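Engineer: First the structure, then my questions, so here it is.
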Amino acid sequence: MPRKKDDTYEERDPWTREQVQDMFSKPLFLGASSLNGNRDQPGDLFARDAKYWLPLIALWSGMRLDEIGATRRDEFCHDPDLDI
């Protein structure tokens, strides 16, 4: 998706290894006690919805969240050699 002419670019530092580890060690990714709200309490429930997939896709692809959000399901493919 092309950037608009009036978009401003804000320089940001990359995330540290510790910040990434902290983010992906949350109950949202490891199992939550509820699938409603913030999913901030540990448990055994998983929801593979946008809250789960958007950060993972951003981490592995380098895409911005708005780029991911504009991507259609048919633009993704499944690699049978990967168990994801």
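Engineer: Using only alpha carbon pairs under 8 Å that are at least six residues apart, calculate the relative contact order of the chain and give it in whole percent.
Structural biologist: 15 percent.
Engineer: To continue, here is another question. Going by alpha carbons, how many degrees (0 to 90, nearest 10) lie between the helix axis of 50-61 and the longest principal axis of the chain?
Structural biologist: The angle comes out near 60 degrees.
Engineer: Where does each of Glu11, Glu18 land when they are ranked from fewest to most other beta-carbon atoms within 10 angstrom?
Structural biologist: Glu11, Glu18
Engineer: Mind giving me the nanometre distance, one decimal, between the label points for Arg48 and Ala70, set 7 Å out from Cα along Cα→Cβ?
Structural biologist: Distance between the two pseudo-spin positions: 2.7 nm.
Engineer: Ratio to report: Rg/Rh of the chain, with Cα atoms as the point set and Rh obtained by the Kirkwood method; give two decimals.
Structural biologist: Computed over Cα atoms, the ratio is 1.02.
Engineer: Go ahead and estimate [θ] at 222 nm for the chain from helices alone: -39,500 (n - 2.57) per DSSP H run with n ≥ 4, summed, over the residue count, rounded to 500.
Structural biologist: Mean residue ellipticity, 222 nm, calculated: -8500 deg cm²/dmol.
Where a number appears in this text, it was derived from the coordinates with a stated rule and is not lab data. This structure is a prediction, so every number in the text was calculated from the model and none was measured. A quick note on method: Cβ atoms are made from the backbone with ideal geometry, for glycine too, and the neighbour counts reach across all protein chains shown.
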